[in-house]
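Novice: Encoded as structure tokens, here's the structure I'll be asking about.
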Amino acid sequence: MNSPTRFESANEAFLLDYPGYHSTQSLDTLRAREYSRLDAANHTYLDYTGGGLYAISQVWAHHDLLANSVFGNPHSSNPTSMAMTKLVEQARQYVAHFFKASPEEYAVIFTPNASAALKLVGEAYPFEPGDQYLLTFDNHNSVNGIREFARARGATTTYVPVDLPDMRVDEAQLLENLDKTRTGGHNLFAYPAQSNFSGVQHSLEWIAQAQARGWDVLLDAAAFVATNCLDLSRWHPDFVPLSFYKMFGYPTGVGCLLARREALARLCRPWFAGGTITVASVQGDRHYLAEGEAAFEDGTPNYLNLPAVEIGLRHLETIGLQTIHERVHYLLSWLLNSLLTLRHKNNQPLVSLYGPIETKQHGGTLTMNFYRADGTLIDHRVIEQQANKANISLRTGCFCNPGGGEIALGLSAGELTACFRQPTHQSRLTIDDFRLCIDGKSSGAVRVSLGLVSNFADVYRFVQFSQSLLNQ
Ligand SMILES: Cc1ncc(COP(=O)(O)O)c(C=O)c1O
């Protein structure tokens, strides 16, 4: 009998350490059947937070529907249009069902992506002078961007920091800020259920705590929902933006805003568009907004793709989100522990991880930088180039989460302000200018993220790749 390969031995040891992984084996069968293109091309896919992967049956099911039907624009009332409207409304109902959102409580508004859902809230939130926008440091730029709407209308923006090394929020500090509600005003609190920078999962208990103090809560669920169950019969955030391609890969170009109807009714849309009104008049100079979802869906929705959302959600339900969650948890734990043990011959650590080194309340994302034996940083762009050669898909930079990056990389407000105030940087700053400005410090990091069909071979290959960087 041949002696086991290194991979086989490592896999065996992994299974002994994580016996619960066996219960997720249906995902190996699924990967072989539905995602065989990954292994056929020897891809190591580690960018699930960037984009999820689709099963081939999702594409065929959608293809069959389109190939065998005639669909018109759902904004008309002819037979082909009504056939489409039926499927659009069915998809809407399925989204609510998937997140256990009561249709009486929540509206499901289809958008092009999570960013568009966030913009819908930002541009329509009734900020007035003295109102407040409170958010954590580790938000995606599309959440940060809401501060520009707040600023334009005289509201104050306050950031609650995340603390090193875990990159979690100091809850006492958060509650102190939440206690400063502007009575009679508008108070919006935004945070990610899972950070796309560090993988930290922030407490969902904050939703009710903030609401009890008079805040509207925007829970960015874009990075969370692919591998975690968001139960909106248990948690009741006012606004929940997400993108479907992050959950099941296909289709792109569709996201949604789940919004509590009561909170939605307080938003003031800054304009009207095709599809959002009951009546608009040119000569009468009036328009009347439609009720509920319709008032927020500008123009023709991406209607042919909406049935594919239902197909994707059903696919996740068939697999079981809990199975995906558990698999990601075991793989993350092994990966984390393995990376932490990697040391150069002189005992210098190879990897510096940003975020918690335990797996509790930690989604399947790890962000890090690599260091040489003499302690100097290996630029994340170099790591990306080398990973590309090994056919490993990972992500580098700051992942559109500058606050997370600034904390992790030790960039202070003073340094950043000095850089932005330089006369040559008044109106334009390229990423290379920025690197020069923060001289010597890293401007980014390396992120690996796990998801739906991640397996042991994926994380093993990444550890092997990391080992190749030892003793440089
Ligand atoms: C936490 C989080 N929020 C928002 C977004 C924005 O998503 P999209 O680019 O699909 O609009 C992302 C995308 O990576 C994300 O990770």
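Novice: Taking the criterion of being touching a Gly at 6+ places or on another chain (Cβ under 7 Å) and touching a residue at least 60 places away in the same chain (Cβ under 8 Å), would at least one residue in the range 58-80 satisfy it?
Specialist: Yes, some residue in the range 58-80 is touching a Gly at 6+ places or on another chain (Cβ under 7 Å) and touching a residue at least 60 places away in the same chain (Cβ under 8 Å).
Novice: Given the conditions (1) more than 15 Å from Pro112 (Cα to Cα); (2) within 16 Å of the ligand (Cβ to nearest atom), and given that Arg269 satisfies all but one, which numbered condition is not satisfied?
Specialist: (2)
Novice: Name the helices (runs of 4 or more DSSP H) wholly within the range 390-472 that hold at least 1 residues that are small (Gly, Ala, Ser) and closer than 30 Å to Asp28 by Cβ?
Specialist: Those helices (runs of 4 or more DSSP H) span 456-467.
Novice: Something else now. Give the range 208-255 a look and list any residue that's crowded, with 21+ Cβ neighbours inside 10 Å and in contact with a Ser or Thr (Cβ under 6 Å, 6 or more places away or on another chain), or say none.
Specialist: Within the range 208-255, Ala222, Ala223, Tyr245, Gly255 qualify.
Novice: Does any residue of the range 225-243 turn out to be small (Gly, Ala, Ser), within 23 Å of Lys100 (Cα to Cα), free of Cβ contacts under 8 Å to residues at least 60 places away in the same chain and in a loop (DSSP other than H, G, I, E, B)?
Specialist: no
Novice: Against the condition among the basic types (Lys, Arg) and touching a helix residue (DSSP H, G or I) at 6+ places or on another chain (Cβ under 6 Å), how does Arg381 come out, does it pass?
Specialist: no
Novice: Separate question: Of the conditions (1) within 19 Å of Asn113 (Cβ to Cβ); (2) touching a His at 6+ places or on another chain (Cβ under 7 Å), Gln194 clears all except one; give me its number.
Specialist: Every condition holds for Gln194 apart from (2).
Quick grid of which residues meet (1) touching a residue at least 40 places away in the same chain (Cβ under 8 Å); (2) within 16 Å of the ligand (Cβ to nearest atom):
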| site | (1), (2) |
| --- | --- |
| His140 | yes, yes |
| Thr156 | no, no |
| Val169 | no, yes |
| Gly185 | yes, no |
| Ala190 | yes, yes |
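Novice: Say whether the condition of being closer than 30 Å to Gly184 by Cα and surrounded by 18 or more Cβ atoms within 10 Å (Cβ to Cβ) is met by at least one residue in the range 87-94.
Specialist: Within the range 87-94 (the criterion being closer than 30 Å to Gly184 by Cα and surrounded by 18 or more Cβ atoms within 10 Å (Cβ to Cβ)), the answer is no, since none of the residues qualifies.
Quick grid of which residues meet (1) within 19 Å of Leu304 (Cα to Cα); (2) within 16 Å of the ligand (Cβ to nearest atom):
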site: Arg6; (1), (2): no, no
site: Leu38; (1), (2): no, no
site: Tyr54; (1), (2): yes, yes
site: Val70; (1), (2): yes, no
site: Ser77; (1), (2): yes, no
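Novice: Also: I want to confirm something. Restricting to the range 383-433 and keeping residues that are among the aliphatic types (A, V, I, L, M) and touching a residue at least 60 places away in the same chain (Cβ under 8 Å), which single residue is nearest to Pro356 (Cα to Cα)?
Specialist: Applying the filter and picking the extreme gives Ala408.
Read-outs throughout are calculated quantities, based only on the coordinates presented, and are distinct from any laboratory measurement. Bear in mind the structure is a predicted one, so any value in this text is a computation, not a measurement. Cβ coordinates were reconstructed from backbone atoms using ideal geometry, including for glycine residues, and neighbour counts include every protein chain displayed.
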